[in-house]
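Worksheet for the structure shown next.
Laboratory data are not the source of any read-out in this text; all were calculated from the coordinates shown. Computed from a predicted model, the values in this text were never measured in an experiment. For neighbour counting, all protein chains shown are included, and Cβ atoms are generated from backbone atoms with ideal geometry for every residue, glycine included.
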Protein chains: 2
Amino acid sequence: MGISLRRKETSERRRDTILHAARTVFARKGYAATVVEDIAEEAGIGKGTLYLYFPSKEQVYLAALLEDARTLDAESRGALAEAPSWRDALRRYVEVRLSYFEAHEDFLRIYMTEFRGMCMQGRPLSAELYRLAQDGEALLAQRFAAAAARGEMRAADPELAALMVSDVTRGLIERRLRGWGRPVSAGDTAFAVDMLCRALER
Amino acid sequence: MGISLRRKETSERRRDTILHAARTVFARKGYAATVVEDIAEEAGIGKGTLYLYFPSKEQVYLAALLEDARTLDAESRGALAEAPSWRDALRRYVEVRLSYFEAHEDFLRIYMTEFRGMCMQGRPLSAELYRLAQDGEALLAQRFAAAAARGEMRAADPELAALMVSDVTRGLIERRLRGWGRPVSAGDTAFAVDMLCRALER
DNA sequence: ATAATCAAACTGACTGATCAGTCATTTTGC
DNA sequence: GCAAAATGACTGATCAGTCAGTTTGATTAT
């Protein structure tokens, strides 16, 4: 019993090690160019061992994404819960996402590049990932709807408003990543938030 | 001479056939999953023949994108040139891009999925494609700057404003493509344009 | 304390499949 | 009759996933 527990611990730690390595390598080389052995090497284990923890390359990839997606979702929820007004909610939403992606550039890089592409290829990948990807927007939409109902902001289509906020945020993030085009500064973020607030003002 | 001219004509037509086929197949299966033979088959030629017209799979891919990117750029320019006010420019910009992508879903699918991913992988692909991808936004930014200088709209950062318009447009397009999430209607587009105008009003 | 045992964990050489690009040969149409 | 165009079988490289063999370390026997 004590034994099996210790076993479980080290086994989970190893799983994490693999996921961490996978994020690093996938982020650096992209999904297609990453070879499973690269991940194993980065994790300091043999290729065969990796397959004891995950059934396929794709599952490693999705698991790496999922973990981060869950954390980001939790942080988004926290930020929105604390926001007193819809303006605060909007600002926090943008800020929390920008800072999360800044602190987890690996995740960002993977998410932005391949996952979205895979999504659009229509391949059914992970129901939970799809859900998490939408939950952030849905949460913001709820806040907007409540505020609109209270007459605090423009009443038209809170859902689409949330989607717009989300799109602008994604734009800010992507532009920070991309090697070309205008890099986005902190001031730009404030400006974008301000513009979005204006658009939604009563 | 007459001969070489006719040769040139058919040769260019064949090139176009290949590009057309490539768009279809890349759009359906994605870059990685597409096999060069698929493209050749779709074009009704042998694989070897394809390599007489293009040096590599990647170059076929980029050429297919480039052609559409040029057309889209031209249409965007036309639309913006005719717009009397900055509001019209904004609306037309969104509309022309949405309708272009709607009429060329293949292009859209390729562009949205793989090209942007490749960009973010930092691989140097095609200077002209990079330029074209930015030109649309730059043009809109110019219009905004001129309008702002004339005091017709809010004077703050026309460039970032154009980026935001571009991001929202992209969001509308992507949501129309993706199999999940809220599908975007024509009314949504009008709403988004309206919101963006409000954000930029004096 | 030390050795023997054994199952679970680990490993990396191997396999089968895939595919970009080539080139010796065939076809076309002038 | 011939040069340009077209072809598709072939090659070499790559890689996901497997599995026969090795290591580890906990447990039991001496």
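Among what's in the stretch B:153-180 and is within 17 Å of the chain's Cα centre (by Cα) and small (Gly, Ala, Ser), pick the residue that is nearest to the other protein chains (Cβ to nearest Cβ). Per the criteria, the residue is B:171. Cβ-Cβ contacts under 8 Å between residues 6 or more apart (or on different chains), taken from a first residue in the stretch A:184-202 that is over 21 Å from residue A:154 (Cβ atoms) to a second residue that is of a type outside the set (A, V, I, L, M, F, W, C), are listed as A:184/A:175; A:184/A:176; A:188/B:157; A:189/A:95. Does the stretch A:34-42 include one or more residues that are within 14 Å of chain B (Cβ to nearest Cβ), touching a residue at least 24 places away in the same chain (Cβ under 8 Å) and either near DNA strand D (Cβ under 9 Å from one of its atoms) or among the β-branched types (Val, Ile, Thr) (or both)? There is no residue in the stretch A:34-42 that is within 14 Å of chain B (Cβ to nearest Cβ), touching a residue at least 24 places away in the same chain (Cβ under 8 Å) and either near DNA strand D (Cβ under 9 Å from one of its atoms) or among the β-branched types (Val, Ile, Thr) (or both).
Residue-wise test of (1) under 17 Å from the mean Cα position of the chain (by Cα); (2) part of a helix (DSSP H, G or I).
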position	(1), (2)
B:89	no, yes
B:94	yes, yes
B:106	yes, yes
B:112	yes, yes
B:124	no, no
B:151	no, no
B:182	no, no
B:193	no, yes
B:196	no, yes
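Reported count of residues in the stretch B:181-198, each being surrounded by fewer than 21 Cβ atoms within 10 Å (Cβ to Cβ), of a type outside the set (Lys, Arg) and facing another protein chain (nearest Cβ under 7 Å), is 3. Residues in the stretch B:149-180 that are surrounded by fewer than 17 Cβ atoms within 10 Å (Cβ to Cβ) and under 15 Å from residue A:137 (Cα atoms): B:180 alone.
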